[in-house]
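Taking it in order: structure first as structure tokens, then the write-up.
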2 protein chains.
Amino acid sequence: MKNFVLKGSICYSKDKNTLEVMDEGYLVCMDGKSQGVYKVLPEKFRDLELIDYSEKIIIPGLTDLHVHAPQYAFRGLGMDLELLDWLNTNTFPEESKYKDLEYARRAYEIYVNDLKKSATTRACIFATLHVDATLLLMDELEKTGLKTMVGKVNMDRNSPEYLCESSAQDSADATIDWVEKVAVKYVNTQPILTPRFIPTCSDELMKKLSEIQKEYHLPLQSHLSENQGEIAWVKELCPDSAFYGDAYDQFDLFGGECKTIMAHCVSSEEDEISRMQENGVFIAHCPQSNTNLSSGVAPVRTYLDRDMNMGLGSDVAGGASLSILRAMADTIQCSKLRWRMLDNTLSPVTFEEAFYLGTMGGGAFFGKVGSFEKSYEFDAVVLDDTNLLHPQELSVKERLERMIYLADERNIAHKYVEGRKIF
Amino acid sequence: MKNFVLKGSICYSKDKNTLEVMDEGYLVCMDGKSQGVYKVLPEKFRDLELIDYSEKIIIPGLTDLHVHAPQYAFRGLGMDLELLDWLNTNTFPEESKYKDLEYARRAYEIYVNDLKKSATTRACIFATLHVDATLLLMDELEKTGLKTMVGKVNMDRNSPEYLCESSAQDSADATIDWVEKVAVKYVNTQPILTPRFIPTCSDELMKKLSEIQKEYHLPLQSHLSENQGEIAWVKELCPDSAFYGDAYDQFDLFGGECKTIMAHCVSSEEDEISRMQENGVFIAHCPQSNTNLSSGVAPVRTYLDRDMNMGLGSDVAGGASLSILRAMADTIQCSKLRWRMLDNTLSPVTFEEAFYLGTMGGGAFFGKVGSFEKSYEFDAVVLDDTNLLHPQELSVKERLERMIYLADERNIAHKYVEGRKIF
């Protein structure tokens, strides 16, 4: 592993309210970890290779805490439906195609290639229920050098026949088969347990997944309190659960020992919020998806003020864009409309907070990731904004703010993950 | 003027609910006007030059009904403020720089160049109060071949000293000077009267503008009912007006004889809506700006159901993006959040409706513009979506829907205005 120094304008969060901006500084990487940011390079680092990104902006790698790889094929399509109809009309038919490995290869190559070119260095990814296609996706991801967690999806009820595992036992067996195949196969790509959501997972399946989790020490990702119809359905399905999240927690699949991401949390109420907080559940805030599927806007201000674990998700294909820079802008914009139209006690999310969520907030699910504070894993993205012309002087912070509204993959010049250059 | 035929997949609105899609058809242009769309090219057109855009999608040119050219310099910056603070902090200081013609040239060249590369063929544009810089902007726009209306801004009160005309008389004199200079100077670029908004225009000025309008037969553009603070201020300033729009109408500057655009109309109530409808006022719906400045979301469903005149505006730099394709997506997305969070009697805007608003809806301000129905002016945009890979077959309509969520200027392959090829 190489040690080196990057020179450029460096921006990173120290905490949710503090965005550090250093105009033309030095960022030191040793053994895959940040050794800190310096205005003047200390003597002891002067023998390291120096890579000059002057005029460019260096930020920590971004984390996509929630994305469905097989849905990338239909991003930006069929957006005039709500969640449950959208699943039946668009999502399930598309996901069923991934039993065909040739189709899966064609589709996943497109997703993985675009993910590689993006500003994302870490991602938590839903595959489909198909073991072989999930292995193929993980093979492709491994080659990119990005750090990801990938889940073979579990669903054994309330799903169309063409996309439903035949029993809880079959679903559990397939999961064990998959986990054993991938447990030691990869450096960058790890398995994550992925019950789709309560409506499609029987109690028996959830019980088995809980056992699997304990045996293999797996993290978990799922969906929570996204849509009104879904919430009402869970209430019907789980009359003994105090709230939606409690239906996971009854099987010990809701944080605590088990590192857990719950996507959306748009309509979580106090008891659910408290439980998430107690259990350290990570919230994946997915503003574009929650907009496209008319779900609403999550109370991000509440979650921020309570210092809960939270990051951003593209939630492709509920969201049309893979970009977590765009997700930062969406987070701010949606919080403004929520403040104006629904609850003016919850003030809008600031630029600094949105940047924190897309870097440190989500990165924390992977450990010390998403900042350049000393000892953080060295994930870095070099932004080149020269194609976005402007007639006046701009500060580095202004240039960074512009990036979240205007950047696309053309602005992503270089990317490093754990000290390795991806491009 | 050349006559020709374009071959490709052709999409256009016939009315707000009807999107026509023809897979591989022929679109005929004669004398700068559409001669219609054909699956089989009629005999009489077979001698015309045929330009083959097979595999590409041809749509009508888009209209940006509301944009501030001098604000393009700070798009995507300083978004954490509401309208009145944002004007004082960001907008007025930037606009004051346009008294310096060198600065104006540098800034306007960037805006005009990006506008040229976009899918927009028509635009109604605010300049600043400076006559010389406005002339420079109009010179630059004229060269592009795009059809635009440009306004020297009027503001003689409640504005910072560095950006305020010294009297109503001075503002009127400058306006006449400007109108006389540009009245016969251009083919593509027309003047439009542009009182900034009621708070910055004295009664005396409004009276004079009304006289100027009648003498020179000018259209008019301004702002209406965007933000709560602004609306309250107008109420204070104009105690004799029944509502905000009435403050324009008292000077006969609110539609009727005078072709008028009012941007925003986020919080218009029944009396204002009725008056706009009676007077045929065009609403410029600017969803991204209304989001960024926390203004809210206009009741687009109401305006659509009442068949009011309406199009889309980028409202740069309240909006960060010049793209009217993006404005279509924003229109749909914001209408969903409004429906979910504010008023579930007003159903979300559909893809077909949003496409109509960005083409025919706004185009109507320029005459028969924004469709390929026979005798419409021939504004056309050729979209190339080959960089947006997908593993499955997609219909032309699906490819078009994807474009509004995913396209950027790389997807704008060719553009025609009134039958002339821009690129």
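The values are calculated or read from the model by the stated rules, or taken from the named source; none is laboratory data. Everything numeric here is computed off the predicted structure, so don't read it as measured data. Cβ: placed from backbone, ideal geometry, glycine included. Neighbour counts: every protein chain shown.
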Residues located in the range A:409-423, provided they are surrounded by 17 or more Cβ atoms within 10 Å (Cβ to Cβ) and charged (D, E, K, R) = A:LYS415, A:GLU418
Tell me, which residue of the range A:349-406 that is β-branched (Val, Ile, Thr) and within 22 Å of the chain's Cα centre (by Cα) is farthest from A:TYR303 (Cα to Cα)?
-> A:VAL382
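Restricting attention to the range A:152-170, does a residue exist that is at pLDDT 95 or above and within 17 Å of the chain's Cα centre (by Cα)?
Yes, the range A:152-170 has at least one match.
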List pairs: first in the range B:79-95 and away from chain A (no Cβ under 13 Å), second in a helix (DSSP H, G or I) and among the aromatic types (Phe, Trp, Tyr), Cβ under 9 Å, 6+ apart or cross-chain?
-> B:LEU84/B:TRP233; B:THR91/B:PHE74; B:PHE92/B:TYR162
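Within the range A:256-271, can one find any residue that is crowded, with 23+ Cβ neighbours inside 10 Å, more than 14 Å from chain B (Cβ to nearest Cβ), under 20 Å from the mean Cα position of the chain (by Cα) and over 30 Å from B:ARG402 (Cα atoms)?
Checking the range A:256-271: at least one residue is crowded, with 23+ Cβ neighbours inside 10 Å, more than 14 Å from chain B (Cβ to nearest Cβ), under 20 Å from the mean Cα position of the chain (by Cα) and over 30 Å from B:ARG402 (Cα atoms).
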Of the residues in the range B:74-112, how many are aromatic (Phe, Trp, Tyr) and surrounded by fewer than 16 Cβ atoms within 10 Å (Cβ to Cβ)?
-> 0
Can you spot a residue in the range A:173-196 that is in contact with a Ser or Thr (Cβ under 8 Å, 6 or more places away or on another chain) and among the acidic types (Asp, Glu)?
-> no
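Mind checking whether some residue in the range A:372-388 is part of a helix (DSSP H, G or I) and either free of Cβ contacts under 8 Å to residues at least 60 places away in the same chain or assigned by TED's automatic domain parsing to the domain that holds A:LYS14 (or both)? Please lay out each step first, then the result.
Within the range A:372-388, the subset part of a helix (DSSP H, G or I) is none.
No, the range A:372-388 contains no residue that is part of a helix (DSSP H, G or I) and either free of Cβ contacts under 8 Å to residues at least 60 places away in the same chain or assigned by TED's automatic domain parsing to the domain that holds A:LYS14 (or both).
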Cβ-Cβ below 6 Å, separation at least six or inter-chain, first residue in the range B:117-130 and closer than 18 Å to B:ASP177 by Cβ, second part of a strand (DSSP E or B) and at pLDDT 95 or above: which pairs?
-> B:ALA127/B:VAL150; B:THR128/B:VAL153; B:LEU129/B:VAL153
Could you list, in sequence order, all residues of the range A:258-279 that are part of a loop (DSSP other than H, G, I, E, B) and not basic (Lys, Arg)?
-> A:CYS258, A:CYS265, A:VAL266, A:SER267, A:SER268, A:GLU269
Does at least one position in the range B:222-242 carry a residue that is without any contact (Cβ under 8 Å) to a residue 40 or more places away in the chain, among the aliphatic types (A, V, I, L, M) and not in a helix (DSSP H, G or I)?
-> yes
Given the conditions (1) among the polar types (S, T, N, Q); (2) surrounded by fewer than 23 Cβ atoms within 10 Å (Cβ to Cβ); (3) under 25 Å from B:SER167 (Cα atoms), report the number of the one that B:GLN221 does not fulfil.
-> (2)
Which of the residues belonging to the range B:389-408 are surrounded by fewer than 20 Cβ atoms within 10 Å (Cβ to Cβ) and part of a loop (DSSP other than H, G, I, E, B)?
-> B:LEU389, B:HIS390, B:GLN392, B:GLU393, B:LEU394, B:SER395, B:ASP408
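Just one of B:ARG399, B:ARG420, B:ARG410 is under 23 Å from B:LYS143 (Cα atoms), basic (Lys, Arg) and facing chain A (nearest Cβ under 10 Å); which is it?
B:ARG410
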Residues satisfying the stated conditions in the range B:231-252, i.e. surrounded by 24 or more Cβ atoms within 10 Å (Cβ to Cβ) and not aromatic (Phe, Trp, Tyr) | B:GLY245, B:ALA247
Among what's in the range B:277-292 and is in contact with a helix residue (DSSP H, G or I) (Cβ under 8 Å, 6 or more places away or on another chain) and within 14 Å of chain A (Cβ to nearest Cβ), pick the residue that is nearest to B:ASP408 (Cα to Cα).
-> B:GLN288
Within the range A:102-122, can you find the residues that are aliphatic (A, V, I, L, M) and within 12 Å of another protein chain (Cβ to nearest Cβ)?
-> A:ALA104, A:ALA107, A:ILE110, A:VAL112
Keeping to the range A:143-196, report how many residues are more than 19 Å from A:GLN221 (Cβ to Cβ) and touching a strand residue (DSSP E or B) at 6+ places or on another chain (Cβ under 7 Å).
-> 1
Within the range B:46-56, is there a residue that is within 14 Å of chain A (Cβ to nearest Cβ) and surrounded by 20 or more Cβ atoms within 10 Å (Cβ to Cβ)?
-> no
Flag if B:THR194 is touching a residue at least 40 places away in the same chain (Cβ under 8 Å), outside any loop (DSSP other than H, G, I, E, B), closer than 22 Å to B:VAL67 by Cα and under 23 Å from the mean Cα position of the chain (by Cα) = yes
Spot the failing condition for A:ASP315; the list is (1) over 25 Å from A:ARG399 (Cα atoms); (2) out of contact with any strand residue (DSSP E or B) (no Cβ under 8 Å at 6 or more places or on another chain); (3) not hydrophobic (A, V, I, L, M, F, W, C), and only one is missed.
-> (2)
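For every residue, the table says whether it meets (1) within 12 Å of chain B (Cβ to nearest Cβ); (2) within 25 Å of A:LYS214 (Cβ to Cβ); (3) in contact with a helix residue (DSSP H, G or I) (Cβ under 7 Å, 6 or more places away or on another chain).
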{"residue": "A:ARG275", "(1), (2), (3)": "no, yes, yes"}
{"residue": "A:SER294", "(1), (2), (3)": "yes, no, yes"}
{"residue": "A:VAL300", "(1), (2), (3)": "no, no, yes"}
{"residue": "A:LEU304", "(1), (2), (3)": "no, no, yes"}
{"residue": "A:MET310", "(1), (2), (3)": "no, no, yes"}
{"residue": "A:ALA320", "(1), (2), (3)": "yes, no, yes"}
{"residue": "A:LEU325", "(1), (2), (3)": "yes, no, yes"}
State yes or no: is B:ASP252 outside any helix (DSSP H, G or I), farther than 27 Å from B:THR359 by Cα and in the same structural domain as B:LEU342 (by TED's automatic domain parsing)?
-> yes
Would you call A:LYS374 farther than 19 Å from B:LEU322 by Cβ, more than 14 Å from chain B (Cβ to nearest Cβ) and of a type in the set (Lys, Arg)?
-> yes
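Kindly indicate whether A:LEU346 is free of Cβ contacts under 8 Å to residues at least 60 places away in the same chain, in contact with a Ser or Thr (Cβ under 7 Å, 6 or more places away or on another chain) and surrounded by fewer than 23 Cβ atoms within 10 Å (Cβ to Cβ). Give the derivation first.
Working: free of Cβ contacts under 8 Å to residues at least 60 places away in the same chain: yes; in contact with a Ser or Thr (Cβ under 7 Å, 6 or more places away or on another chain): yes; surrounded by fewer than 23 Cβ atoms within 10 Å (Cβ to Cβ): yes.
When the stated conditions are applied, A:LEU346 passes them.
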